[in-house]
Each structure stands twice: as structure tokens, then as C-alpha cells.
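Below you'll find the structure, written out as C-alpha cells, and then a few comments.
All of the numbers you see were taken from the coordinates with simple rules; none came from a lab. Quantities reported herein were computed from a predicted structural model and do not represent experimental measurements. All Cβ positions, glycine included, derive from the backbone under ideal geometry; neighbour counts span all protein chains shown.
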Amino acid sequence: MTHDVIVSAEKLEKVFALGFLRKKVRAVREVSFEVRRGEIFGFLGPNGAGKTTTLKMLMGLIFPTAGTARIFGEPVPSIAAKRRLGFLPENPYFYDYLSGEELLDLMGRLFGLGRAERKRRAGLLLERVGLGRAGARSMPLRKYSKGMLQRLGIAQALINDPELVILDEPMSGLDPIGRKEIRDLIRELKDEGKTVLFSTHILSDVELICDRVAIVVGGRLRDSGPLDQLLSPRLLHTEVVLEAGGQKEAVRLAPELDVDEALRQALAAGKKVVAVTPRRESLEDLFVREVESGDVGAGAEHQTPREAAS
Amino acid sequence: MIGRIVAISLNTFREAIRNKVLYSLLFFAVLLIASALALGQMSLHEEARVTVDLGLGGIALFGVLIAIFVGVNLVYKELDKKTVFSLIPKPIHRFEFILGKFGGMVLTLAVQIAIMSAVLFAILRLQGSPIGGAVVRAIVLIFVEVVVVTAIAVLFSSFSSPFLSGAFTLGMFVVGRSLPELRELITKLHEVALRDVLWASTRLLPDLHIFYVSGSMLNGQYATVHRVYVDWSYVATASIYGLGYAACALVVAILLFSRRDFV
């Protein structure tokens, strides 16, 4: 292991035994990946792919059936490692009888922060996530909207000024403005030298901010690495938009066809060339390719116990 | 470690004092104890006796009800509402979480019992009756009893639903209070092997009778809170037993909780 690896998972596996008959459900199979210091790492996969189960194993919420995971070189769960990280659970739920300020104060106490420091950090973080106005700070959490809870969840994950921030679906349930704000926040965290690992099924988020990604489908890791290396550089097709007699027409040219020759023929036929766009593989193409090649059709095999029960 | 346990305890206490249901229970308890004022009038110069009996009965009944009602939800609610997902990834051990929840519950019960006791003492003062040390000793014993019941509730709630945990805890309470009678029945069995097994199994059950002794024979003497009651050394011995039993129940709860997956 090199010194700049912050998180490493090696052949992580989780099998749940469900129901009276203890039916085996394999949620995660031999997942291995590494997160390096200072990067934004996207953990990408469709719903029920095993992302949350994997993150919960890293957080000590679920015990792996097989495999090992280390954070800051310590086998999980480690108190020393937990001191240096912050975690946002998926669809965060907090004590709804507390206010935002009180929740951050409680979380600060768990990190052993002094009263003055807790107050200072709570104020700064509430301001940072857009909950700084007096009404929001002191309002009981049962009155918070989903977006507000998500923001507060991020604030509580940062209360200890962590080196590593792990966010499980941080953009879920947010409107486009909220999603952009969270993306900007993640970029700011990287600029501050923090390492960010986050899971999502929203491709545009990954494409916009991630340095490296891992794609999980059906509990298996399908691919991982820098985005530009994962995406195939090969040309998929060339899209040509032509105009004739006021009518526009889009033509897709296969990669083996000569585009110059096709354009010459079109011009000779009196058509006007409006646009020529070569299309290479996008993250969406890669994702669909991975999902289609994966065995997601196995149904309950990849569901989490909560999903299987619902 | 202590700081983290205290933080979780104080948060649990805060949850309890913001819970309206607990206030309703406390209101009915105070109402029951205060009804001694009216009932005492109907008795023939036995106001103090009625007040003490009703007061101690009310404190014990509502103390146990609150212990079961809140205790069985203590851990389950954290899992059901998923609040544990943001707590466990913080630098805490799972045993600290259980001890913190238990500590908060004990603090809640201490405050509730203190309020009910204050009402009882105020009524006794109003009636011009003396507040004897026996009543104080009886209240301490009730407090230790509810601590044991809370630990049992936490144990069941660490692996079972609130409904089942409540039923199990209530069952343990009823059996624990009737342990002398149960043992008496067992000694009358003719089948020796069965008798020995049952007798040994009663050792695992909490002897809650020792915390509510008023009106029973103790060492050949009739113990009553109105006249000859147990002394402080009895209270100390019973407390050591009760706290030891609660500690054992918590150790089992911690062992069960420490290997649990939070899905």
C-alpha cells in the first residue's frame, strides 16, 4: 500500500441472511478499490447496486462477510480513523427534537471538542451550508425540509474538520440549484486538501467533479479509474445535420464511413451542412454498457435487506 | 470515553424531557399521589398511611411503566429512525452508545421519581404527617428496581421489536415480583429433576420482590413502611444485587449490539 492511499477495500463481500428461512442475499461481491489523498472519488452505480452497503462496511455499520477494508491504514472500524473522517448517510435522519445548532453541538461533543470550539464550528458550518439564518438554526429538525436535512447532514459530517469526507448520495432529493451548491462544496473541500468519496447514481455529478470513479453493478465492481481512461476514445459515430428546402435532417454516420465524402455528396445534392459532431463514448454510454453487461436482472440477489423487505 | 457516554446520556435525557407522552404519564402519577388528599379524608385518622401507600404504589407503578415504555424504544428507535447511521461513524464504541442510552434513561427516571417523591412529601407535609426515613428508603429501593427493569428492557430491545420487548420485560417484572411465591410452588413439585431445573432457572430471573418488601415477612419479622421497615444496610445489599443484575443485562445487550448489522 502506498502512503497516499486513504481508503482501500480488498475483495469486500457482504451476504445477508434474510427471513425465517435465512435466505442468502449477496449484496456486495469481491469489491476492491482505492481512494487516494486529495482526490474526489465517485462511487457510481444504479439503485440497489451495493454502494450504500459498501460504504456502511467502511463506516463499521455493517460487518463484511469476507474481505478487508482500511481507512488511513487502520482496519475498519477504527476509532482513530473515525476521528479523521466525516460521514453523511443516505437520506440522513437525525434526532427530530433537536435544532440544527443542538445537533452539531452533540456531534462536536462526540469528537471531544470544547464548548467554545463547538459553538464556533457550528456557526461556521451552518453558514456554509446555507442554514445560517436564525430561524433555521434554532428550528426543530422535524420542521426541516429534505433539502435542509441534507445540508445539515453535510454540516455534521464536517464538524471535526475531517481529512476524509464520505458522502452517501449527497445530491439525492435536491433540486438543481441545491445539487450545484453541493457540487461546489465538494470542489471546495478538495481545494482545502480534503479527500472526498461519494456515491451517486447521477452521472452528470460524477462527470463534472470526479477525478476517479468506480462503477458498481449488481454488487460487483465493473470498472474503476480516471474517467478519461475508462471512457473509450474510439469514435462511436458522427452526427451530421443537413438542411434542404428549409427542412433540417440529422444523419448518423458509422465510424467506418468517410465523413468528407458524405459531406461532398450532400453539398453536391444542394443540401446545406448545419453541424458535424463526432460522438465519442460518454459516461452515460459507459454506464449503460456496464449495466447491460452486468447481471442486474438477477433481482433480489443484489438488493439490500431493506429493499428486499419492502 | 466518559465524555462521549455523557454526551449520549444528556441527549437521551433531552429526548425524554421533550416527549409529551412522558409528561402525560407523570401527570397521571402526580394525580394518583395527590388523590391521597381526598382518600385520606375518608379514612379514619389514617391519612398518612393512605398517602404513603398510595404515593409509594404510584411511584413504583409509574416508574416501572415509564421504564418499560421508554426502555424498550431506547435502542430500537435509533435503528428504526436510522439516527444510529450518523452516530456510529463518529469516534464512539458501540458499548459507549448502549451505556449512554442507558445512562440517559436512568437520569430521566431519577428526575421523574424525584418529582413524584416531592409531590408525596408535599402532601405529607400538608397533612402534618412526618416524613420518615422508611419512606425515603422505600423510594431508593423503587429507584433501584426501575433501573433493573430498564436494563432488562434495553437488553430485549437490542434484538427485538418494541412490542415483544415490552411483553418480555413486563413478563420479567411480574415474575420477578412474584419470585418467592414461584419458588414456593417449585418446591412443592414431586419430580426432582424438573424441580431442580426450575429452581436453578429462577436464579437467572431478577428477584424484584426484594425492592418492594413492605407488607411481607423478612427474617421472621413483618416489614412495613409504616412501622418496622428495612434498614440502610438492607437497602445497600439490595442495591448491590440490583445494580449487579442490571450490569449483567447490559453486558449481554452490549454483546448482542456489538455484532449487529445496521442495514
How high is the relative contact order of the range A:235-280, in percent, with contacts defined as C-alpha pairs under 8 Å that are six or more residues apart?
54 percent
Exposed-site-free run, longest, chain A (rule: GluC sites (Glu not before Pro); DSSP loop; at most 12 other C-beta within 10 Å):
A:1-191
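Expected output is a single nm value to one decimal: the length gained when fully extending between B:Val111 and B:His190, i.e. 0.36 nm times separation in residues minus the C-alpha distance. What is it?
Numbers: separation 79, 0.36 × 79 = 28.44 nm, distance 4.79 nm.
Computed gain between B:Val111 and B:His190 is 23.6 nm.
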Chymotrypsin sites (Phe, Trp or Tyr not before Pro) within the range B:189-233: which are DSSP loop residues with at most 13 other Cβ atoms inside 10 Å?
none
Where nothing but the Cβ of Lys and Arg (+1) and of Asp and Glu (-1) is charged, how large is the charge dipole of chain A around its Cα centre, in debye to the nearest 20?
1260 debye
Straight distance only, please: which aspartates and glutamates reach the Cα of A:Lys272 with their own Cα at less than 12 Å, same-chain residues fewer than 8 apart left out?
A:Glu243, A:Glu249
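Which trypsin sites (Lys or Arg not before Pro) in the range A:110-154 sit in a loop by DSSP (not H, G, I, E or B) and have at most 12 other Cβ atoms within 10 Å of their own Cβ?
Numbers: sites: A:Arg115, A:Arg118, A:Lys119, A:Arg120, A:Arg121, A:Arg128, A:Arg133, A:Arg137, A:Arg142, A:Lys143, A:Lys146, A:Arg151; in loops: A:Arg133.
Answer in residue order: A:Arg133.
How big is D, in µm² s⁻¹, for the protein assembly as shown by Stokes-Einstein at 37 °C and 0.692 mPa s if Rh is the Kirkwood radius over C-alpha pairs?
Working: Rh = 28.0 Å.
Answer, rounded: 117 µm²/s.
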Mind listing P(r) for the range A:235-280? All alpha-carbon pairs, 10 Å bins, whole percents.
29, 56, 15, 0
Fraction in percent of alpha-carbon pairs per bin - 5 Å, the range A:1-126
2, 9, 16, 18, 16, 15, 12, 8, 3, 1, 0
Relative contact order for chain B using alpha-carbon pairs under 8 Å, separation at least 6, rounded to a whole percent?
25 percent
Among all the lysines, which ones have a C-alpha under 24 Å from A:Lys143's C-alpha, if same-chain residues fewer than 8 places away are not counted?
A:Lys119, A:Lys180, B:Lys20, B:Lys77, B:Lys81, B:Lys82
For the range B:179-263, which trypsin sites (Lys or Arg not before Pro) are in a loop by DSSP, counting at most 11 other Cβ atoms within 10 Å?
B:Lys188, B:Arg203, B:Arg227, B:Arg259
Going from the fewest other Cβ atoms within 10 Å to the most, one would list A:Leu98, B:Leu182, B:Leu208 as B:Leu182, A:Leu98, B:Leu208
Find which of B:Leu256, B:Phe69, B:Met172 sits farthest along the positive direction of the dipole of chain B, computed with +1 on the beta-carbon of Lys and Arg, -1 on that of Asp and Glu, about the Cα centre.
B:Leu256
What would the Debye formula give as log10 I(q)/I(0) at q = 0.24 Å⁻¹ for the alpha-carbon point model of the range B:44-133, no solvent?
-1.15
Rank these for me by crowding, B:Val146, B:Val30, going from fewest to most other beta carbons within 10 Å.
B:Val30, B:Val146
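Dipole of the protein assembly as shown, Cα-centred, from +1 at each Lys and Arg C-beta and -1 at each Asp and Glu C-beta, to the nearest 20 debye? Don't skip to the answer; put the middle values down first.
Numbers: 68 positive and 59 negative charges, 223 e Å.
Dipole size: approximately 1080 debye.
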Per the charge dipole of the protein assembly as shown (beta-carbon charges, Lys/Arg positive, Asp/Glu negative, Cα centre), the residue among B:Val106, B:Ala118, B:Phe159 reaching farthest to the positive end is B:Ala118
15 Å beta-carbon shell around A:Glu10, net charge (K/R +1, D/E -1):
+1
Between the range A:15-35 and the range B:197-239, what is the C-alpha centre distance in whole Å?
51 Å
Summing +1 per Lys or Arg and -1 per Asp or Glu among the other residues with Cβ less than 14 Å from B:Asp53's Cβ gives 0
Could you please state, rounded to a whole Å, how far the C-alpha centre of the range B:18-46 is from the C-alpha centre of the range A:192-250?
69 Å
With point charges of +1 on the Cβ of Lys and Arg and -1 on the Cβ of Asp and Glu, referenced to the Cα centre of chain A, which listed residue (A:Leu221, A:Leu208, A:Ile177) lies farthest in the positive direction of the dipole?
A:Ile177
Largest fluctuation, A:Leu125, A:Leu230, A:Leu61 only, Gaussian network model of chain A with Cα springs under 10 angstrom, belongs to A:Leu61
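Work through the residues other than B:Ile2 whose Cβ is under 13 Å from its Cβ and net out their charges, Lys, Arg +1 and Asp, Glu -1.
Working: positive: A:Arg109, B:Arg4; negative: B:Glu96.
Once all neighbours under 13 Å are counted, the net charge is +1.
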Taking r as the C-beta separation of A:Arg133 and A:Glu239 and R0 as 51 Å, the FRET efficiency to the nearest 0.05 is 0.60
Chain B, Cα convex hull volume normalised per residue, Å³
150 Å³
For A:89-98, mean number of other protein chain Cβ atoms within 10 Å:
6
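Take the Cα radius of gyration of the range B:79-232 and divide it by 2.2 N^0.38 Å, with N its residue count; two decimals is plenty. Intermediate results must be reported in sequence, preceding the final value.
On the way: Rg = 19.8 Å, N = 154, 2.2 N^0.38 = 14.9 Å.
After normalising by residue count via 2.2 N^0.38 Å, the value is 1.33.
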Taking every residue in A:106-116, how many Cβ atoms of other protein chains lie within 10 Å of its Cβ, on average?
4
In whole Å, what are the extents of chain A along the principal axes defined by its C-alpha atoms, from largest to smallest?
79, 51, 42
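Taking every residue in B:77-87, how many Cβ atoms of other protein chains lie within 10 Å of its Cβ, on average? Don't skip to the answer; put the middle values down first.
Numbers: counts 1, 2, 0, 1, 4, 7, 6, 3, 13, 13, 7.
So the per-residue partner count for this stretch is 5.
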With +1 on each Lys and Arg Cβ and -1 on each Asp and Glu Cβ, and nothing else charged, work out how big the dipole of the range A:235-280 is about its Cα centre, in Debye to the nearest 20.
180 debye
